[in-house]
Amino acid sequence: MNDPYQSDVVFLLGFALAVFALPVFTILVFRWLRPSRPERLKREPYESGMPQASVPRRPFHMAYYNFALVFIVFEVETLLLFAIAPVLRDQGWAALAEVGIFVVLVALGLFYAWRKGALVWR
Amino acid sequence: MTAVLVLSAVLFAIGLFGVLTRRNAITLLVSVEVMMNAANLNLVAFSRLYQPELMTGQVFAILGIGVAACEAAVGLALILTIYRRYGSTDVDRVRLLRE
Amino acid sequence: MSGGQSMLFVLVGVVAAVSALYAVLTRQILRSIMSLGAFLTAVAVEFYVLAADFVSVVQIFVYVGGVVVLMLFALMLSASGERHPLAGADRPGLGAVLAYLVGGGLVVASLGAGLPEPGKAPAQTVDLLGRSFLGGQLFAFELMGVVLLAAVVAALVVARGERQ
Amino acid sequence: MSGAATFAWGALWGAVSLTIVGALTTVLVLVERKISGRIQMRVGPMHTGPHGLLQTVADIVKLLFKEDVRPARADAMAFRLGPLLTAVPAVLSFAVIPFGAPLIMRDLNVGVLYFLAVPGVTAVGLLLAGWASYDNYSFLGGLRSSAQFISYEIPRTLAVVGVVMLAGSLRVSAVLEAQRTVPFLVLEPLGFVLYLVTTLAEVNRTPFDIPEAESELVAGYHTEYSGFRWALFFLAEYGALFAASAFATVLFLGGGNGPLLPAFVWFLVKTLAIVFLTMWIRWTLPRFRSDQLMRLAWKVFLPLSLVNLVLAGLAMQVVAG
């Protein structure tokens with residue numbers, strides 16, 4: 001097992017397992033130690049002391065979605081930049097110009113979204 | 001290597017099964033993502049097998065992930081719009097592509 | 001791949017296949033999306049085992065932190081009342097048979113292919129990847145910029161059409 | 001090391017990290033309450049223990065023994081998963097934090113990117129928690145929190161691209177090595193400011209704490225949570241705050257590099273200075289309005305981070321000669 005990638009994976013899997021399992025374990029252990037007296041009123045959703053006036057799960061404004069949408073496009077762009085950023089130093093001006101073209105392309109997308117009013121929170 | 005191929009074949013079949021049998025649009029998209037991942041797995045594996053120094057497969061796996069993300073963004077925008085208009089995300093009920 | 005490596009691969013692969021199956025089969029969309037998240041994480045682990053660490057992190061970044069969030073957003077913005085509607089019966093039958101055939105055929109072909117096991121992985125993938133992007137794959141890189149631009153425009157046009 | 005040993009080693013460090021986060025939360029909450037007291041001319045907690053030093057310990061004991069109330073119509077699976085998916089990524093990011101140059105749990109090839117990617121899963125946890133509670137405040141809080149989270153993630157990540165360009169590697173140890181003479185703060189002041197401000201938004205702190213704005217959304221996504229599950233949200237907040245501050249130290253302040261004192265001490269001093277700065281800001285500034293917040297992210301920070309990228313490219317050429 002001298003493959004560094006595999007040893008990284010195994011380490012991180014162990015790490016994640018511990019980080020996931022310990023809080024769950026704590027919750028389970030203290031289940032026997034803490035009180036549990038469910039009452040109807042206690043289990044009502046909080047609404048400043050009133051009965052719930054409306055169902056929370058209802059169709060919502062699409063404007064929220066626009067942000068998620070622009071977000072994912074920019075995330076992909078950022079990651080592509082991450083892919084080339086480490087080697088950019090010894091590539092000279094030509095490579096920098098190529099990256100510049102890419103950034104301008106994506107900046108155009110931002111500009112479009114801006115002009116179309118997709119970046120306004122309602 | 002055989003393990004990789006079998007895994008991605010199984011995943012691809014699962015995705016295909018979903019695409020062919022499910023009718024909810026979001027589940028359809030989930031199935032398509034499963035198929036995309038099966039393909040990416042193969043790209044990475046063959047890159048490792050034949051050109052470990054050239055990275056072409058990995059480059060295209062990254063591009064594949066990017067394209068899948070764009071596809072999900074556009075697809076979900078479509079789904080939301082369809083839902084607003086028809087009150088359902090059942091793909092069989094939406095047959096008209098015009099107003 | 002060494003013995004330990006392929007055992008790890010198979011183990012994580014089983015997790016991936018089971019969560020993919022659940023994501024495709026369950027009738028509750030929230031469960032489906034969460035299961036997809038588990039599947040995508042498992043595939044990211046497989047990428048890492050195959051010495052594609054950068055791809056693995058990109059997978060977590062874009063899929064789990066991006067696409068899953070996007071799907072949850074879509075689900076929550078289109079929710080109505082108690083349950084999310086999953087209208088109509090599904091249509092197994094022909095589609096299922098076709099999927100079994102394709103899957104079975106691919107599995108048989110993979111078993112029969114007899115490919116060699118890959119050799120030692122390069123120690124540094126990140127540098128090689130960057131050079132590949134700036135070298136031979138420069139066109140693909142720039143093309144991706146265009147695709148991203150197109151995606152913003154297309155998705156916003158679709159989302160806007162609904163507003164009027 | 002054999003596979004099983006590496007696995008156990010990882011699990012051990014996972015448990016250690018979780019303990020660190022727990023202890024940090026205990027200390028930082030107390031420190032924050034004391035600081036806020038000073039800033040508002042109060043004394044802060046005074047009753048439990050000498051000078052109120054045991055206040056947060058008492059709080060933790062109370063939270064552990066408190067009833068776990070779940071709203072009747074909540075989605076049980078998502079309600080349980082929400083806090084976990086919020087807290088776990090914050091702790092996972094500790095795996096690549098270099099507490100002093102040799103003391104790094106795992107020096108991954110893609111360490112910097114790992115640190116940025118893993119906490120991104122938090123957005124899923126926030127959405128789940130808000131959705132599962134079946135409560136209007138939680139639902140809106142969850143949507144707002146995650147929308148804010150993803151909006152600020154972009155300029156934050158882009159600010160780090162500049163550092164990676166200068167360092168020429170995604171490996172945390174290489175980033176530190178590249179700053180042996182000059183910390184990147186000097187070469188990239190704009191990047192540092194961008195990273196710091198967007199980090200405030202990522203960990204939901206004033207002036208960006210809209211998601212939990214008490215006056216409009218009660219407690220946001222965790223309105224319906226109580227007991228230990230609620231504590232997990234707290235763990236997530238302070239764990240993420242410390243991790244992000246530690247990474248600001250790594251990326252811009254040269255990590256443990258410094259004269260005389262051992263690296264470990266330098267690292268903690270720098271990190272805690274940034275943590276203190278965030279607390280100071282929190283108790284001094286008012287909160288932004290929700291639409292101002294989003295406008296700021298997309299129309300100010302994102303263009304600025306693109307500008308920063310260009311500046312980083314120029315700085316890189318100057319350094320490379």
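The table for this structure:
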quantity: Buried accessible area, chains A and C (both chains, 1.4 Å probe, Å² to nearest 100); calculated: 4500 Å²
quantity: Cut-off 17 Å, label 7 Å out along Cα→Cβ of D:PHE276, residues of the stretch D:17-61 by amide N; calculated: D:27-40
quantity: In order through the stretch D:81-94: 3J(HN,Hα) via Karplus (6.51 cos²θ - 1.76 cosθ + 1.60), integer Hz, x for Gly, Pro; calculated: 6, x, x, 5, 5, 7, 7, 4, x, 4, 6, 4, 5, 5
quantity: Dipole of chain C, positive direction: furthest Cα of C:ILE33, C:VAL43, C:VAL158, with charges on the beta-carbon; calculated: C:VAL158
quantity: The protein assembly as shown, dipole about Cα centre (Lys/Arg Cβ +1, Asp/Glu Cβ -1), debye to the nearest 20; calculated: 1720 debye
quantity: Carbon + sulfur, % of accessible area of the protein assembly as shown - ligands and nucleic acids excluded, 1.4 Å; calculated: 70 percent
quantity: Surface accessible to a 1.4 Å probe, per residue, for the residues of the stretch B:2-86, Å²; calculated: 28 Å²
quantity: Top of C:LEU25, C:LEU101, C:LEU50 by mean-square fluctuation, Gaussian network on chain C, Cα under 10 Å; calculated: C:LEU101
quantity: Residue among D:PHE267, C:VAL62, D:THR278 farthest towards the positive dipole end of the protein assembly as shown, charges placed on Cβ; calculated: D:THR278
quantity: Global geometry of the protein assembly as shown, whether rounded, prolate or oblate, following the gyration tensor of its Cα atoms and the 1.5 cut on a/c; calculated: rounded
quantity: Accessible area that becomes buried as A packs against D, both chains, 1.4 Å probe, Å², nearest 100; calculated: 6800 Å²
quantity: Surface per residue (accessible, 1.4 Å probe) for the stretch D:108-185, Å²; calculated: 16 Å²
quantity: Over the stretch B:2-86, relative contact order from alpha-carbon pairs under 8 Å, at least 6 apart, %; calculated: 26 percent
quantity: Relative contact order (%) - chain D, alpha-carbon pairs under 8 angstrom, separation at least six; calculated: 23 percent
quantity: Rounded FRET efficiency, nearest 0.05, which uses the C-beta distance separating C:ALA154 from A:TRP93 and R0 of 35 Å; calculated: 0.55
quantity: Listed residues D:TYR152, D:ALA58, D:SER305: farthest to the positive end of the dipole of chain D (Cβ charges); calculated: D:ALA58
quantity: Integer Hz, Karplus 6.51/-1.76/1.60 couplings in order for the stretch B:74-86, x for Gly and Pro; calculated: 5, x, 5, 4, 4, 4, 4, 4, 4, 4, 4, 7, 9
quantity: Over chain C, relative contact order from alpha-carbon pairs under 8 Å, at least 6 apart, %; calculated: 18 percent
quantity: Shape call, the stretch C:113-156: gyration tensor on alpha carbons, a/c limit 1.5; calculated: prolate
quantity: Trypsin sites (Lys or Arg not before Pro) lying in DSSP loop within the stretch C:108-164, provided at most 14 other Cβ fall within 10 Å; calculated: C:LYS120, C:ARG163
quantity: Pairs of alpha carbons in chain C whose separation is greater than 29 Å (percent); calculated: 42 percent
quantity: Computed accessible area, C:TYR22, all protein chains, 1.4 angstrom probe, square angstrom; calculated: 110 Å²
quantity: Dipole moment magnitude, nearest 20 debye, chain D about Cα centre, only Lys, Arg, Asp, Glu C-beta charged; calculated: 360 debye
quantity: Low-density loop positions, GluC sites (Glu not before Pro), the stretch B:5-93 - DSSP coil, at most 14 other Cβ in 10 Å; calculated: B:GLU53
quantity: D:ALA5 versus A:LEU28: modelled label distance in nm, points set 7 Å from Cα along the beta carbon direction; calculated: 2.9 nm
quantity: Chains C and B together, accessible area buried on both sides, 1.4 angstrom probe, square angstrom; calculated: 6800 Å²
quantity: Net length gained if the chain between D:SER36 and D:VAL269 were fully extended (0.36 nm per residue, minus Cα distance); calculated: 81.8 nm
quantity: Lysine-lysine proximity count for the protein assembly as shown, Cα under 30 Å, sequence distance 8 or more or distinct chains; calculated: 6
quantity: Dipole magnitude (debye, nearest 20) for the stretch B:2-86, charges at Cβ of Lys, Arg, Asp, Glu; calculated: 380 debye
quantity: Highest-fluctuation residue, D:THR181, D:THR278, D:THR223 considered, GNM on chain D with Cα pairs under 10 Å; calculated: D:THR181
quantity: Trypsin sites (Lys or Arg not before Pro) within the stretch D:1-65, DSSP loop, no more than 15 other Cβ atoms inside 10 Å; calculated: D:ARG42
quantity: Simple label model, 7 Å out from Cα along Cβ direction - A:LYS116 to C:LEU143, nm; calculated: 2.4 nm
quantity: Buried on assembly, the stretch D:299-313 (at least 50 Å² less accessible surface than by itself, 1.4 Å probe); calculated: D:LYS299, D:LEU306
quantity: Backbone N within the stretch D:72-89 under 20 Å of label point (7 Å from A:GLU39 Cα along the Cβ vector); calculated: D:72-74
quantity: Chain C, helix-only ellipticity at 222 nm - DSSP H runs n ≥ 4, -39,500 (n - 2.57), divided by all residues, nearest 500; calculated: -23500 deg cm²/dmol
quantity: Global geometry of the stretch C:1-65, whether rounded, prolate or oblate, following the gyration tensor of its Cα atoms and the 1.5 cut on a/c; calculated: oblate
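The values are calculated or read from the model by the stated rules, or taken from the named source; none is laboratory data. Being a predicted model, the structure only gives us computed values, none of them experimental. Positions of Cβ are backbone-derived with ideal geometry, glycine not excepted, and every protein chain shown enters the neighbour counts. Just the protein is used for accessible areas: all its heavy atoms, side chains included, with ligands, DNA and RNA removed. Shrake-Rupley method; radii C 1.70, N 1.55, O 1.52, S 1.80 Å.
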